[in-house]
Amino acid sequence: MPHVVVAGPLHPSGRARLDAAKDVTVTYISVTSEKSLAAEISDADAVLLRTQPMTAPTIAKGERLKIVSRHGVGYDAVDTDACVARGIKVSHTPDVLNGEVANTTLLLMLAGLRNFRHDEAWARSGDWEAKGGAPLSTSPDGKTIGILGLGRIGQEIADRLAVFNPTIVYHTRTKKDVPYTYYDDLVEMAKACDVLVCITPGGASTNKIVNKDVLEALGPKGMLINVSRGSVVDEDALIAALESGKLGLAGLDVFEGEPHIPDALKASERTVLLPHVGSATHETRAAMGALTVDNLLQWKADGTLKTPVPECAHL
Ligand code: NAP
Ligand code: 8YV
């Protein structure tokens, strides 16, 4: 009988389906660190993984492990090479969160450009009565918006931005068949943008690709939005660019050392900050939980996965 370890919160609807499944033992654990996770998976056949990293030493601790069902689309924290070497299958949750992450992107853009933090404080503090109308802000309409990573979510962001009548431009490693201008150089794209949205995977190929040069090219009136991974943006360079005024604004859902957020970003008037809630609605977390459980139950039924990560699709 397979033993499934659920490592973190799972929506009640997914939990009910797992609990009702025949011939499966399920253990729910609440661990946030990789070290604690490693200590809990020695007799697990399957792990439902939230945000904890799974590097090779942890995978080695799961001597019986056959599947990692990742609750999320990004799997940069899972060493897929180590999984493939052991024949361990890895699944993730693509597509079901595209709309929600796009909504979060629009929320950050509107909050930044329309000065939401400042204006809300103005209304609440009595400044409106005492000092009159709040200062003017910037319209989101008709701007040039660069999308770094035009994949499933990036395309949904482009679609939802259409109400603002933007000019969309994009940067990826491979040019796509889309009606937007392609830039093969990220600095050149940043020069052309009012807003730059990061929505690539994390990992080595994107590590700090949004660097000082990109941030300064975006410029004093530009806004950076990061809904991808904290590792994609050089956080020290970001803080320096915001503090010197070389970058206008930043809307951030993700950070290099989550859940730690540097004090300089918290103190800045130029930032809108969220605690990695891009997909965190009841509806979307139910859909992600359902797909995570679908993968586990399909694997139990016939050994296959519904949504394997590409690296493991051949297993
Ligand atoms: P996807 O469909 O695989 O799209 C990824 C895009 O990034 C592709 O267009 C890809 O194009 C591009 N890309 C990959 N490596 C690149 C590089 N080195 N330089 C430039 N572009 C690169 O993935 P998705 O489903 O849209 O998800 C994207 C990421 O969003 C996830 O991996 C995750 O990190 C993040 N995410 C965050 C949240 C949140 O809560 N904030 C929620 C969900 C997802 P090429 O391969 O042609 O380069
Ligand atoms: C979640 C995410 O915050 O899907 C992703 O890659 O970053 C987010 O949807 C997280 O992974 C929840 O488990």
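Structure summary
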quantity	calculated
Trypsin sites (Lys or Arg not before Pro) within the stretch 17-51: DSSP coil, no more than 12 neighbouring Cβ in 10 Å	LYS22
Estimated inter-spin distance, ALA82 and ASP95, nm [label 7 Å along Cα→Cβ]	3.1 nm
Taking LYS66, LYS61, LYS175 and counting other C-beta atoms within 10 Å, the order from fewest to most	LYS175, LYS61, LYS66
Long-range tail of P(r) for the stretch 182-315 (Cα pairs > 27 Å, %)	34 percent
Restraint check, LYS35/LYS66; LYS66/LYS266; LYS22/LYS89; LYS143/LYS175; LYS208/LYS306; LYS143/LYS176, Cα-Cα greater than 30 Å	LYS66/LYS266; LYS208/LYS306
Ellipsoid semi-axes in whole angstrom, largest first, where each is sqrt(5λ) of the Cα gyration tensor of the stretch 1-53	19, 14, 6
Kirkwood hydrodynamic radius (C-alpha pairs) into Stokes-Einstein, the stretch 110-188, 10 °C and 1.306 mPa s, D in µm²/s	107 µm²/s
For the stretch 56-81 and the stretch 183-212, distance of Cα centres in Å	28 Å
Separation of alpha-carbon centers, the stretch 238-315 and the stretch 94-117, rounded to whole Å	13 Å
At R0 = 30 Å, FRET efficiency that the Cβ-Cβ distance of ALA16 and ALA267 yields, to 0.05	0.10
Long-range HN-HN contacts of VAL78 with modeled amide H, under 5 Å	MET54
Coil-residue trypsin sites (Lys or Arg not before Pro) of the stretch 213-264, DSSP, other Cβ within 10 Å capped at 15	LYS221
Cleavage-rule hits, trypsin sites (Lys or Arg not before Pro), the stretch 72-171, DSSP coil, Cβ neighbours within 10 Å at most 15	ARG114
Exposure proxy ranking, count of Cβ atoms within 10 Å, fewest first, for SER139, SER268, SER36	SER139, SER36, SER268
Kyte-Doolittle mean at least 0.0, axial Cα span of 20 Å or more - DSSP H helices of the chain	98-113
Kirkwood Rh, Cα atoms: Rg over Rh of the stretch 1-142	1.22
Simple Cβ-charge dipole of the stretch 102-184, Lys/Arg +1 and Asp/Glu -1, about Cα centre, in debye nearest 20	240 debye
Translational diffusion of the chain, µm² s⁻¹ [Kirkwood Rh, Cα pairs; Stokes-Einstein; 20 °C; 1.002 mPa s]	103 µm²/s
Size of the stretch 192-264 as Cα extents on the principal axes (Å, biggest first)	27, 27, 17
For VAL26, VAL233, VAL272, order by how many other beta-carbon atoms lie within 10 Å, fewest first	VAL26, VAL272, VAL233
Estimated 222 nm signal from helices in the chain, with DSSP H stretches of n ≥ 4 weighted -39500 (n - 2.57), rounded to 500	-11000 deg cm²/dmol
Exposed GluC sites (Glu not before Pro) absent: longest stretch of the chain, with sites in DSSP loops and at most 16 other Cβ within 10 Å deemed exposed	64-268
Segment THR304-SER36, extension gain: residue separation times 0.36 nm, minus the distance between their alpha carbons	93.6 nm
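None of the figures in this text is laboratory data; all of them are computed from the coordinates on show. Keep in mind that what you see is a predicted model, and the values were worked out from it rather than measured. So basically every Cβ, Gly included, is an ideal-geometry build from the backbone, and we count neighbours across all protein chains shown.
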